1. Could you check A:I135 against (1) surrounded by fewer than 17 Cβ atoms within 10 Å (Cβ to Cβ); (2) under 24 Å from B:R8 (Cα atoms); (3) within 14 Å of chain B (Cβ to nearest Cβ) and say which number it fails?
2. Identify, by number, the condition in (1) farther than 14 Å from B:V257 by Cβ; (2) touching a residue at least 24 places away in the same chain (Cβ under 8 Å); (3) not small (G, A, S) that B:M105 doesn't meet.
3. Looking at (1) more than 9 Å from chain B (Cβ to nearest Cβ); (2) hydrophobic (A, V, I, L, M, F, W, C); (3) crowded, with 21+ Cβ neighbours inside 10 Å; (4) within 25 Å of the chain's Cα centre (by Cα), can you tell me which one A:A270 breaks?
4. Checking the structure you have, find out if any residue of the stretch B:241-250 is in contact with a Gly (Cβ under 7 Å, 6 or more places away or on another chain) and under 16 Å from B:G101 (Cα atoms).
5. Quick one: is B:T21 more than 14 Å from chain A (Cβ to nearest Cβ) and surrounded by fewer than 17 Cβ atoms within 10 Å (Cβ to Cβ)?
6. Within the bounds of the stretch B:79-87, is there any residue that is aliphatic (A, V, I, L, M), under 21 Å from B:A246 (Cβ atoms) and in contact with a Leu (Cβ under 8 Å, 6 or more places away or on another chain)?
7. Against the conditions (1) at pLDDT 85 or above; (2) among the hydrophobic types (A, V, I, L, M, F, W, C); (3) surrounded by fewer than 14 Cβ atoms within 10 Å (Cβ to Cβ), where does A:V14 fall short? Just the number, please.
Amino acid sequence: MIATGQTLKVVEDVKGRSLWVDARRRLTRNRAAMTGIIILSAIALLAIFAPLVSPYGFNEQNYDIIACAPSWWPAEASCTVPGHVFGTDSIGRDLFVRVLFGARVSLAVGLVATLVSLLIGVLYGAVAGYLGGRIDSLMMRLVDILYSLPFVFFVIILMVMFDRNFILLFVAIGAVEWLTMARIVRGQTLSIKQKEFIEAARAAGVGPLATIIRHVIPNVVGPVMVYVTLTVPGVILTESFLSFLGLGIQEPLTSWGVLISDGADQMETAPWMLLFPALFMAVTLFCFNFVGDGLRDALDPKDR
Amino acid sequence: MMAYAMRRLLGAIPTLFVIVTLAFFMMRIAPGGPFDSERRLPPEVERNVKAAYNLDKPLTQQYLIYLGRLAHGDLGPSYKNKDFTVAQLIGIGLPVSARLGLTAMALALLLGTALGVSAALRQNHWQDYSVMSVAMLGITIPTFVTAPILTLVFGIYGISLFGHELTLPVGGWNGGALANMVLPVTVLALPQIAIVARLMRGSMIEVLHANYIRTARAKGLPVLRIVLGHALRAAALPLVSYLGPALAAILTGSLVVEQIFGLPGIGRYFVQGALNRDYTLVLGVVICYAALIIVLNFLADIAYGILDPRVRLN
């Protein structure tokens, strides 16, 4: 998302109507996508500045206000506390700040794992598509084999075996998600390869790797960006799924999956503990989907 | 056709081989083992236990022994569930998971298709918008949120239906009684219904613009005839290629659903096995899942060839 904004800004200086200017115009006219971008930015900003936004620490416990509803809670609750907008959790921590810290982890996992998948997938797909022939079919055969593996199960094995290592979680999920990216990039590369400017580069004596990095990859940015915006919510879901099974982020750190899991346990007595994290996560996933759809429409108008 | 099927099935062998190898070594390079419990065994007992399960041999040799047994269809004993072999445990769990998964899949295909087609027929009307927004909700709200909420509403508060107070059991299998299956199957099917509806709407809209549909309309055929007799077959093609990913998603979802509702399926064995480092159990379940996915992908390709005569299987 941030990357999109930057790319578009750079291109803005160029006179004339390039593909990017057109795309940006179409995107800004798309109300659903723009709303998605605004809400996502708001959630991201809240997550980044969480310590400034909330007067409570994310691990600050207060045993006098255990599982209390926010003061505006419409239904009856055993106790209510003013000052805690989302109420408190089962050991008296402020739920609002925990949801924001959960957003930090969930969004970070989403972005970093997507970045990992982006790196592997784009390079792999571009190399396979550009080289073509037997190397291409060998590389894609490998992707096909990996596709039929039940990958989430491998991530679970990894998480259990390596004691829920935080960084490993990023890498493992990223390593799962690169396959589709590789396929998309390869398909694009196959058609770009036939263009004159590639022939010109080759004629000018540019090596294959330099051609791929300088000339092929910049031209697959469009479809890749669309897929990225659809990968991020997928990764966030995977992480929360693992955390829900108790295989993801560990206390006192938290993520939306952990919060939802805790909330589900307390649902009968303290429904707000499930409601707010679930709401934040659902809205985020919703927005990413809208932005992804909007980007696709903006970048590929004939595909509507 | 037969030659194609044979080639596909033979092609599955290297895939399974990669899966077994990956899973085997991934579990072993990590520290810890199935017999490291808090209460340590006396060294000589531990040595004997390990020798009994061949765990004292070098890793490559253990791998070869495992492969050799696997070739004979032997998945080995479970390290943690004493007196059970892995095959027995899978034999207990698989029928439960399969029944859940297949019912959910059938429900998703039926309901999703119906919703998608009705949205396509009323494109850009309120029916279309409402189906698509509900579908969007189904996709973005994860299983582990819908499960507790549905449990709360239907299991604990209960609903009154025609004057009868109706509460559904919130957990347990109870021999696969219908009432016990309602909530888990619904939770599993919801996201798939949403995805199928979206897919179906998209392809149906495309097909409805085709010339042969215009011809059918011009002949004065009723809408139902057009949809069922002409459009559905062509529109179902993207759905068929989605079957493989759908199965994978339902298997993953069943991990959560079996956990939440306390169902004795293989998903629970997998999570428990992974936590206990029950190597053979985890491997067995992974192989079982992979085989399922391979077989269903294969069936989907065959179905694709039958539905679309333009596709030549070779």
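1. The single condition A:I135 does not satisfy is (3).
2. Status for B:M105: all satisfied but (1).
3. Result: A:A270 fails condition (4) only.
4. Step one: list which residues in the stretch B:241-250 are in contact with a Gly (Cβ under 7 Å, 6 or more places away or on another chain), which gives B:250.
Pick out the ones that are also under 16 Å from B:G101 (Cα atoms) and you get B:250.
Scanning the stretch B:241-250, I find at least one residue that is in contact with a Gly (Cβ under 7 Å, 6 or more places away or on another chain) and under 16 Å from B:G101 (Cα atoms), so the answer is yes.
5. Details: more than 14 Å from chain A (Cβ to nearest Cβ): no; surrounded by fewer than 17 Cβ atoms within 10 Å (Cβ to Cβ): yes.
Against the criterion (more than 14 Å from chain A (Cβ to nearest Cβ) and surrounded by fewer than 17 Cβ atoms within 10 Å (Cβ to Cβ)), B:T21 does not qualify.
6. no
7. With respect to (1) at pLDDT 85 or above; (2) among the hydrophobic types (A, V, I, L, M, F, W, C); (3) surrounded by fewer than 14 Cβ atoms within 10 Å (Cβ to Cβ), A:V14 is out only on (1).
Condition check ((1) more than 15 Å from B:C288 (Cα to Cα); (2) in a helix (DSSP H, G or I); (3) within 14 Å of chain A (Cβ to nearest Cβ); (4) modelled with pLDDT under 85) across all residues:
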residue: B:R28; (1), (2), (3), (4): yes, yes, yes, yes
residue: B:P31; (1), (2), (3), (4): yes, no, yes, yes
residue: B:R39; (1), (2), (3), (4): yes, no, no, yes
residue: B:E46; (1), (2), (3), (4): yes, yes, no, yes
residue: B:R69; (1), (2), (3), (4): yes, yes, no, yes
residue: B:A106; (1), (2), (3), (4): yes, yes, no, no
residue: B:S118; (1), (2), (3), (4): yes, yes, no, no
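The values are calculated or read from the model by the stated rules, or taken from the named source; none is laboratory data. Since this is a predicted model, take the numbers as computed values, not measurements. Cβ sites come from the backbone with ideal geometry, for glycine too, and all protein chains shown count toward neighbours.
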